[in-house]
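The next block holds one structure in the form of structure tokens; read it before the comments.
The values are calculated or read from the model by the stated rules, or taken from the named source; none is laboratory data. For clarity, every value in this text was computed on a predicted model and none was experimentally measured. All Cβ positions, glycine included, derive from the backbone under ideal geometry; neighbour counts span all protein chains shown.
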Amino acid sequence: MIARRNLGVGVRTLLATLLVILAGFPLYWILNTAITPKDTLYTGGQRLIPDVSRAGHLFSILVTDRSFLRWITNSTVVALGTTVTSLLMATLAAYALSRYRFFGKGIMGFGFFATQMLPEALLVVPLYSLFASLGMLNQLYGLVLANTAFAMPVATFILKAAMDAIPYEMEESARVDGCGALSILQIMVVPLIAPSMAAAAVIAFFDGWNEYLFATTFITDERKWTASTGLASFIGDFLIPLDTVFSGAFLFAVPAVVFFLVMQRRIVSGLTAGSVKG
Amino acid sequence: MAVSQATRAPRRPRRPRGPLAPYAFAGAAALYLVLFAGVPILKGVQLSVTDTQLINPNGGSSVGLDNYAALVGDEVFLRSVVTTIVYAFCTVAGSLLLGTVSAVVLNRAFPGRFLARAVAVMPWAVPTVAVVMVFRWIFNNDNGVANAGLSALGIGARGWLTDPSYGMPSVLVATVWKVTPFVMLVVLAALQAVPEELYEAARVDGAGMYSTFTTIVLPHLMPTLRIVGLLMTIWSFRRFEIIWLLTGGGPAGVTSTIVISVYEQAFGNSRLGFAAAIGVLGLLLSLAVTLVYFVIETRTERKNRVAA
């Protein structure tokens, strides 16, 4: 028995180590490439352990390319906008789906789910002509509106699952005291589902932060590019040194990774609320 | 669910704000999706029966079902369907397997678990464009670390992104790396719902790791794995960015999935109408898979109810 237990621990440690290497290596390689001199990169001299004294080169893109900061700012605007619009609508919709029975509920649930099947590559053409006719091309809020169509349904599912887990009886007493549904939602429900709100917020934020296809198609003005578009424009462009490009990739990835790690515990418990209910 | 509503119903009226309240709550979201997803998709379906060109997006004329008829015998299209199915199957199977194993490994306490968990979820947070950049560099023919490693082992270099036999495996590696943490997180969340007593009972019965997993853990995870599997499948059918930026559908079209052809036909060949028809067929594929899922789900639910 004890031997078997020890074997289990050994296998577990081995698997965990392997997992960390597999998951971590490409991230480490971004960092490594960003601080390796470009001449070394192009002569096959990149080492597994780079020269750490060059760590300052992680930020080289900030010095060489002044538009990078503007792209990051644009991405932040799009990501925050997507988060706010998605969560506002999703919270209200989730409350309706969780607490009421009404005509059209089934269709609505299916419609929300169906958005996850829609290929952006197909939607991008009709959306382009819609945005063109509304004068929303080259506008960051246009991207917010497009991204919200994908982020909001996901947020709705997460929040609905969390609300389903809250006993309805709690709200009834408030209702007897004359509280309206909207204030019940605000005062009682939202604080209780805070972990799920955080999970939904992170997911919506990443949708906006990472999105590439809409950003590239709808925004042609370079000053309004997001970081996705800007960095992708470096792919296959040999004028900009590779170490600088990877400095950009690193700085683009770091906020998302850090933000995610800070919220990780809440994301797991937010998702738990959904899966426990099943 | 049904039971709790039955006990709740006689106590108090459920809708103090009248029957319009749910519509007021869900109205904004529903209207929004109609405008920004429903209308564009209908517009896409309408485009698919025209010969519209990119240069004149509002000037196409109707061609009936010609675009669809042309697709039926089109070898390139059929190949893109097969490519999509292969891509979807491998990413779904790979991420479900790796994600479940990772979750099970990281669920039990061991020294350094916090760090291991943090590293394991990171790929999910890394923006796709950054993922593509690093994998293009790792798979670079002359200076990439993949080939450097192979040479060090005495195995020759491969054209990861340039040789047709390695194009799909390379795209799969990058995709599975990026999407597995999502599966892992959801499974990790679902594992919290497995009662501790069951593990205890298995231990008392002298069950090993493997049999504990198959008899105790897996049955608890199945509903979660099914819905995650569905999501992963329909997401792989529409996944565009990682493939487009890594290979552009190449080398020699081996990674050209349905959505890649849609984009290529629309923006490369300027054939909006034809592209839309491909996109609509792709969407039907997703719908079919979703339908199969719901049929299976209703059946298992009914079976479980009979068993209980």
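One table, with the values for the structure above:
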| read-out | value |
| --- | --- |
| Residue in the stretch A:96-105 that is in contact with an Asp or Glu (Cβ under 8 Å, 6 or more places away or on another chain), over 30 Å from B:Phe240 (Cα atoms) and polar (S, T, N, Q) present | yes |
| Near pairs, Cβ below 7 angstrom, 6+ apart or cross-chain, from the stretch B:223-239 (of a type in the set (Ser, Thr, Tyr)) to any residue that is surrounded by fewer than 21 Cβ atoms within 10 Å (Cβ to Cβ) and at pLDDT 90 or above | B:Thr233/B:Val289 |
| Among (1) farther than 28 Å from B:Pro127 by Cα; (2) buried (at least 24 other Cβ atoms within 10 Å of the Cβ) - the single one B:Ala275 does not satisfy | (1) |
| So B:Ala157, is it at negative phi, within 7 Å of another protein chain (Cβ to nearest Cβ) and free of Cβ contacts under 8 Å to residues at least 60 places away in the same chain | no |
| Meets criteria (more than 7 Å from chain A (Cβ to nearest Cβ) and within 27 Å of B:Leu283 (Cβ to Cβ)) for B:Asp163 | no |
| Candidates B:Phe139, B:Phe114, B:Phe182, B:Phe135, filtered to the one that is out of contact with any Lys or Arg (no Cβ under 8 Å at 6 or more places or on another chain) and within 23 Å of B:Leu225 (Cα to Cα) | B:Phe182 |
| Residue among B:Val254, B:Val204, B:Val176, B:Val262 that alone is crowded, with 16+ Cβ neighbours inside 10 Å and within 30 Å of B:Val105 (Cβ to Cβ) | B:Val176 |
| Residue identified as more than 7 Å from every other protein chain (Cβ to nearest Cβ), of a type outside the set (Asp, Glu) and either assigned to a helix (DSSP H, G or I) or over 21 Å from A:Ala200 (Cβ atoms) (or both) among A:Met170, A:Met152 | A:Met170 |
| Qualifying residue in the stretch A:173-182 (condition: assigned to a helix (DSSP H, G or I), crowded, with 21+ Cβ neighbours inside 10 Å, at pLDDT below 90 and within 11 Å of chain B (Cβ to nearest Cβ)) | yes |
| Residue list for the stretch A:133-149, restricted to those being surrounded by fewer than 16 Cβ atoms within 10 Å (Cβ to Cβ) and not in a loop (DSSP other than H, G, I, E, B) | A:Ser133, A:Leu134, A:Tyr141 |
| Criterion: at the interface with chain B (Cβ under 7 Å from one of its Cβ atoms), in a helix (DSSP H, G or I) and surrounded by 14 or more Cβ atoms within 10 Å (Cβ to Cβ) - qualifying residue of A:Val20, A:Val78, A:Val84 | A:Val20 |
| Qualifying residue in the stretch B:259-270 (condition: farther than 22 Å from B:Lys43 by Cβ and within 11 Å of chain A (Cβ to nearest Cβ)) | no |
| Qualifying residue in the stretch A:118-132 (condition: in a helix (DSSP H, G or I) and more than 9 Å from chain B (Cβ to nearest Cβ)) | yes |
| Whichever residue in the stretch B:176-228 is of a type in the set (Phe, Trp, Tyr) and in contact with a helix residue (DSSP H, G or I) (Cβ under 6 Å, 6 or more places away or on another chain) and, among such residues, is modelled with the lowest pLDDT | B:Phe182 |
| Residues (in contact with a helix residue (DSSP H, G or I) (Cβ under 7 Å, 6 or more places away or on another chain) and not in a helix (DSSP H, G or I)) located in the stretch B:106-129 | B:Arg108, B:Phe110, B:Val126, B:Pro127 |
| Candidates B:Ala118, B:Ala130 - the one that is within 7 Å of chain A (Cβ to nearest Cβ), surrounded by fewer than 20 Cβ atoms within 10 Å (Cβ to Cβ) and hydrophobic (A, V, I, L, M, F, W, C) | B:Ala118 |
| 2 or more residues acidic (Asp, Glu): qualifying helices (runs of 4 or more DSSP H) within the stretch B:231-308 | B:272-307 |
| Odd one out for B:Leu185 among (1) surrounded by fewer than 17 Cβ atoms within 10 Å (Cβ to Cβ); (2) not in a loop (DSSP other than H, G, I, E, B) | (1) |
| B:Ser286 being more than 10 Å from chain A (Cβ to nearest Cβ) and either modelled with pLDDT of 90 or more or more than 16 Å from B:Val179 (Cβ to Cβ) (or both) | no |
| Members of the stretch B:53-90 that are in a loop (DSSP other than H, G, I, E, B), of a type outside the set (Val, Ile, Thr) and surrounded by 12 or more Cβ atoms within 10 Å (Cβ to Cβ) | B:Leu54, B:Pro57, B:Gly60, B:Leu65, B:Asp74 |
| From B:Ala103, B:Ala93, residue being buried (at least 16 other Cβ atoms within 10 Å of the Cβ) and in a helix (DSSP H, G or I) | B:Ala103 |
| Some residue of the stretch A:206-221 being more than 30 Å from B:Pro57 (Cα to Cα), more than 10 Å from chain B (Cβ to nearest Cβ) and acidic (Asp, Glu) | no |
| Single residue of A:Arg54, A:Arg47, A:Arg70 found to be of a type in the set (D, E, K, R), outside any helix (DSSP H, G or I), over 30 Å from A:Thr156 (Cβ atoms) and more than 8 Å from chain B (Cβ to nearest Cβ) | A:Arg47 |
